[in-house]
Amino acid sequence: MIIRDVRVLGGEPVDLRLHDGVIAEVGPGLKGAGEEIDGGGAIALPGLVDLHTHLREPGREDAETVETGTQSAARGGYTAVHAMANTSPVADTAGVVEQVWRLGREFGHCDVQPVGAVTVGLEGRQLAELGAMADSAARVRVFSDDGKCVSDAVLMRRALEYVKAFDGVVAQHAQEPRLTEGAQMNEGVVSGRLGLTGWPAVAEEAIIARDCLLAAHVGSRLHVCHVSTAGSVEILRWAKSKGWNVTAEVTPHHLLLTDDLVEESPVGAYNPIYKVNPPLRTRADVEALRAALADGTIDVVATDHAPHPVEDKESEWSAAAMGMIGLETALGVVQGAMVDTGLLDWAGVAERMSYAPARIGRLAGHGNPIEAGAPANLTLYDPSHRAPVDPSSFASRSRNTPYRGMTLPGRVVATFLRGKPTVLEGKLV
Ligand SMILES: [Zn+2]
């Protein structure tokens, strides 16, 4: 197959020849027989890799399944996702991670790499079978209690020590539990005005500081999930300046949205579509997160795609579930927040949405530059497209997007997984 007229990382127009799941040739005016696809001048990116996806299967197939979640991922330009462990049952044994891995092989429209829980049942009391999950067919390398924080310092230390044996990483959901009891939104001016219990920045920052120190102390790898505050950025910058093995991610929504949407938004006040954990923060936090992603203090954009059925989201603010879907809008939000603002070029996007997440997850076959010999995992993207976000067009089973009706830039034209299209002309194949 030859893909004509694409711009690799936004460069000069070239053709790509794919053969046997691999990029065989890159260059202008390629000759060859077989099927041809007109790239139409689209930007070619390496297939995106998400470090933080909630696929909800097993247990909450009313919200999402491996099939619909990976369809959603493919439409967003992803060729691999890390499936978070807070399913039902929890992915805390070799048996459950292998089940998720097999579901991915059978129904996946992209590769599914299971994340293993750090503690049994995400209960924070006893380490899960980390070694057995690492040795299983799923070859787990990322461990996380995401949704909950591993708040016990001794357990966190042990987990960091344990994963060293197989080059694993502990991905922490940094939330000091006592400081966030009953928290409803960011603690600040808006929460004060609305009388909602606040989720203070210090509850995130205190755990990140502690875990950076622990990771350095035991010489292990720490990854910080969904960093949301300017103070967290300062701590990460300090930890990296020490040469410690610490990486971090930011979500698209924390790069764009702020906590005043809880008070006033196009969809009214107290709309739970904006309820998410960690919460939306302030404009100053958004600016600090963008700068940190641009200068590499934050390594990765990860979606934290968190599907919820309508009945869990369309209730009063205090009762609503926390979370937003994000796979199908991630690249558009990143373009708007980072590329169109001049903070990142397309090579920078490739690093933060493909190379770095694959490297941190130790995911073979993904996150490779677009060059001859690399696996043909590709995303073709048209940055000039403009259209209001229409959730009814989403492949996800859930509709809890905060961008409904907003005009986001760009469109994923096509996605290729090992040379086979999973999306063409914006539609699932
Ligand atoms: Zn989380």
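Every number in this text was worked out from the coordinates using simple rules, so none of it is lab data. Predicted, not measured: the structure shown is a model, and the values here were computed from it. In this analysis, Cβ positions are derived from the backbone assuming ideal geometry, glycine residues included, and neighbour counts consider all displayed protein chains.
Descriptive notes on the structure:
- Residue of ALA91, ALA358, ALA33 that the Gaussian network model of the chain assigns the largest fluctuation, springs spanning Cα pairs under 10 Å: ALA33
- Rounded to 5, percent antiparallel among DSSP beta bridges of the range 285-429: 85 percent
- Here SER265, SER241, SER220 are placed in order of increasing Cβ neighbour count within 10 Å, fewest first, which gives SER241, SER265, SER220.
- Under 20 Å from a label point set 7 Å out along the Cα-to-Cβ vector of ALA165, the amide N atoms of the range 350-393 belong to 362.
- Only helices enter the 222 nm calculation for the chain: every DSSP H run of n ≥ 4 contributes -39,500 (n - 2.57), and dividing by all residues gives -7000 deg cm²/dmol, rounded to 500.
- Distance (nanometres) between label positions extended 7 Å along Cα→Cβ at ASP390 and LYS242: 5.2 nm
- The alpha carbons of the chain occupy a box of 64, 49, 43 Å along the principal axes, longest dimension given first.
- Under 5 Å from the amide H of GLN113 lie the amide H atoms of VAL81, HIS82, ALA83, each residue being 5 or more positions distant or on a separate chain, with H modelled from the backbone and absent for Pro and chain starts.
- Total lysine pairs whose alpha carbons fall under 26 Å of each other in the chain (8 or more apart, or interchain): 8
- Charge-dipole axis of the chain as Lys and Arg at +1 and Asp and Glu at -1 on Cβ define it, positive-most pick from HIS109, ALA230, PHE166: PHE166
- Among GLU57, GLU316, GLU204, the largest mean-square fluctuation in a Gaussian network model of the chain (Cα springs under 10 Å) belongs to GLU316.
- Gain on full extension, evaluated as 0.36 nm per residue between THR341 and LEU428 minus their Cα-Cα distance, stands at 28.3 nm.
- C-alpha long axis of helix 153-163 to longest principal axis of the chain, angle in °: 30 degrees
- With Cα atoms, 0 to 90° folded angle of helix 230-241 axis to the chain main axis: 70 degrees
- Share, in percent, of DSSP beta bridges within the chain that are antiparallel, nearest 5: 50 percent
- Kirkwood-based shape ratio for the range 1-111, expressed as Rg/Rh from alpha carbons: 1.12
- Cβ crowding within 10 Å ranks GLU161, GLU64 as GLU161, GLU64, fewest other Cβ atoms first.
- Rounded to 10°, Cα long-axis angle of helix 94-107 versus longest principal axis of the chain: 30 degrees
- Choice from ASP295, ASP152, ASP15 showing the highest fluctuation, given a GNM over the chain with Cα pairs closer than 10 Å: ASP152
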